[in-house]
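Reading through the structure tokens given below for one structure.
The values are calculated or read from the model by the stated rules, or taken from the named source; none is laboratory data. Owing to the predicted nature of the structure, the values given are computational and were not obtained by experimental measurement. Glycine also receives a Cβ, built like all others from the backbone with ideal geometry; neighbour counts cover every protein chain displayed.
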Amino acid sequence: MKKGQISNILRQLGLIYLTDWIRYYLERFKNRKINRTFRKNNPQVKLPPDYLIYESFQINYQKYYTESIDTAKWVANHFRKHTELKDKKILDWGCGPGRIIRHLPVVIGNGCEYFGTDYNAKTIDWCTENLPGISFNKNSLNASLPYADDFFDMIYGISIFTHLSEQLHHDWYNELFRILKPGGIMFLTTQGNNFKVKLTESELVHFNNGELVIRGKVKEGHRTYSAFHPTGFMEKLFGNVDILEYIETKPAKGEGWLPQDIWMIKKR
């Protein structure tokens, strides 16, 4: 039986949240020694509560903090291929507990301004209290942000569409388009062809027909709510912008994770 089938059964039985909590405690226990060592060696590093880290990433302080510096550089380098990173307004859409955005003022600098938004109130409260120099906003699941039209030069969302319904794909894309300047660039990641191995036979039929595949029956936006993105669906969604790059990175042998697709798009 595929993991996707097990996941769908757990959703039908209303057990997916319980399963996720069990996984949280197991991950927390497994990483307890590594995390104690990190805290001892890095007492100056401010870390969010464990569940906030888990909800958006994984409970490994080293990866959350130190390796995320490399992730921030990765994001910046993708933008640098298409624009100069100087005096820009940059939004982290779905910033979580600041894993990436906290590093960008050092990684980029150059007079840029940094903003983060997320629907999780606890996450935004923690970021606001602990990450100075960045403007944070709590949004709702409804696609509405308190920014003017054509406000941002750059917007990125790492694995955010992956937790939204089809309707909210359209609603949020339209809202991000509204607040992006003409000539501005968005960097978004999705669960594309690499994730076909996780799909059930019936899900695969829909995916291969270019239809968005949704695993719901949980709160939308939660880590267990999952969307899978055929290339054709995304190309239609991005029909009013220029697609600068579509990158499908193949999984590395021996790695236990699947890389998401990268979409770099530019507002006309």
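Would you confirm whether any residue within the range 116-138 is surrounded by 18 or more Cβ atoms within 10 Å (Cβ to Cβ), aliphatic (A, V, I, L, M), farther than 24 Å from Gly184 by Cβ and within 16 Å of the chain's Cα centre (by Cα)? No: zero hits. Residues satisfying the criterion are absent from the range 103-114 (criterion: crowded, with 20+ Cβ neighbours inside 10 Å, under 25 Å from Ser226 (Cα atoms), touching a residue at least 24 places away in the same chain (Cβ under 8 Å) and of a type outside the set (Lys, Arg)). Could you check the range 201-217 and list, in sequence order, the residues that are surrounded by fewer than 19 Cβ atoms within 10 Å (Cβ to Cβ) and either acidic (Asp, Glu) or out of contact with any strand residue (DSSP E or B) (no Cβ under 9 Å at 6 or more places or on another chain) (or both)? Answer for the range 201-217, where residues must be surrounded by fewer than 19 Cβ atoms within 10 Å (Cβ to Cβ) and either acidic (Asp, Glu) or out of contact with any strand residue (DSSP E or B) (no Cβ under 9 Å at 6 or more places or on another chain) (or both): Glu201, Ser202, Val205, Asn208, Asn209, Gly210, Glu211, Lys217. Restricting attention to the range 47-73, the residues that are within 20 Å of Tyr114 (Cβ to Cβ), modelled with pLDDT under 95 and part of a loop (DSSP other than H, G, I, E, B) total 1.
Could you check the range 86-118 and list, in sequence order, the residues that are among the acidic types (Asp, Glu) and either touching a His at 6+ places or on another chain (Cβ under 8 Å) or farther than 22 Å from Asn139 by Cα (or both)? Within the range 86-118, just Asp87 meets the criteria.
Taken over the range 221-241, the criterion of being among the hydroxyl-bearing types (Ser, Thr, Tyr) and in a helix (DSSP H, G or I) is satisfied by Thr231 alone.
Test Thr162 against the stated conditions and say whether it is in contact with a strand residue (DSSP E or B) (Cβ under 7 Å, 6 or more places away or on another chain), in a helix (DSSP H, G or I) and either closer than 27 Å to Glu211 by Cα or of a type in the set (Asp, Glu) (or both). Working first, answer last.
Values: in contact with a strand residue (DSSP E or B) (Cβ under 7 Å, 6 or more places away or on another chain): yes; in a helix (DSSP H, G or I): yes; either closer than 27 Å to Glu211 by Cα or of a type in the set (Asp, Glu) (or both): yes.
Yes, satisfied.
Using the structure shown, decide if Leu176 is modelled with pLDDT of 95 or more, part of a helix (DSSP H, G or I) and more than 18 Å from Ala143 (Cβ to Cβ). Considered against the rule, which asks whether it is modelled with pLDDT of 95 or more, part of a helix (DSSP H, G or I) and more than 18 Å from Ala143 (Cβ to Cβ), Leu176 comes out as no.
Condition first: part of a helix (DSSP H, G or I), buried (at least 17 other Cβ atoms within 10 Å of the Cβ), of a type outside the set (A, V, I, L, M) and at pLDDT 95 or above. Can you find one or more residues in the range 77-85 that meet it? Show your work before the answer.
Restricting attention to the range 77-85, the residues satisfying the condition of being part of a helix (DSSP H, G or I) are 77-80.
Keeping just the survivors that are buried (at least 17 other Cβ atoms within 10 Å of the Cβ) gives 78-79.
Then drop every residue that is not of a type outside the set (A, V, I, L, M), which leaves 78-79.
From the residues that got through so far, the ones that are at pLDDT 95 or above too are 78-79.
The answer is yes; a qualifying residue exists.
Within the range 173-200, restricting attention to residues that are buried (at least 22 other Cβ atoms within 10 Å of the Cβ) and over 16 Å from Phe161 (Cβ atoms), the residue that is nearest to the chain's Cα centre (by Cα) is Ile185.
So that you can scan it fast, the table gives a plain yes or no per residue for (1) touching a Leu at 6+ places or on another chain (Cβ under 6 Å); (2) of a type in the set (Val, Ile, Thr):
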residue: Ser68; (1), (2): no, no
residue: Ala72; (1), (2): yes, no
residue: Asp87; (1), (2): no, no
residue: Gly98; (1), (2): yes, no
residue: Ile101; (1), (2): no, yes
residue: Phe115; (1), (2): yes, no
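Which residues, counting only those in the range 130-159, are outside any loop (DSSP other than H, G, I, E, B) and either touching a Lys or Arg at 6+ places or on another chain (Cβ under 9 Å) or closer than 17 Å to Ile100 by Cβ (or both)?
Initial filter on the range 130-159 (outside any loop (DSSP other than H, G, I, E, B)): 130, 135-138, 152-157.
If the condition is that a residue be outside any loop (DSSP other than H, G, I, E, B) and either touching a Lys or Arg at 6+ places or on another chain (Cβ under 9 Å) or closer than 17 Å to Ile100 by Cβ (or both), then Asn130, Ser135, Phe136, Asn137, Phe152, Asp153, Met154, Ile155, Tyr156, Gly157 are the ones that fit.
Scanning the range 237-260 for residues being of a type outside the set (Asp, Glu), without any contact (Cβ under 8 Å) to a residue 24 or more places away in the chain and surrounded by fewer than 12 Cβ atoms within 10 Å (Cβ to Cβ) gives a total of 6. Does Gly232 satisfy the criteria of being farther than 24 Å from Asp20 by Cα and either surrounded by fewer than 17 Cβ atoms within 10 Å (Cβ to Cβ) or among the polar types (S, T, N, Q) (or both)? Here the answer is yes, as Gly232 does meet what is asked.
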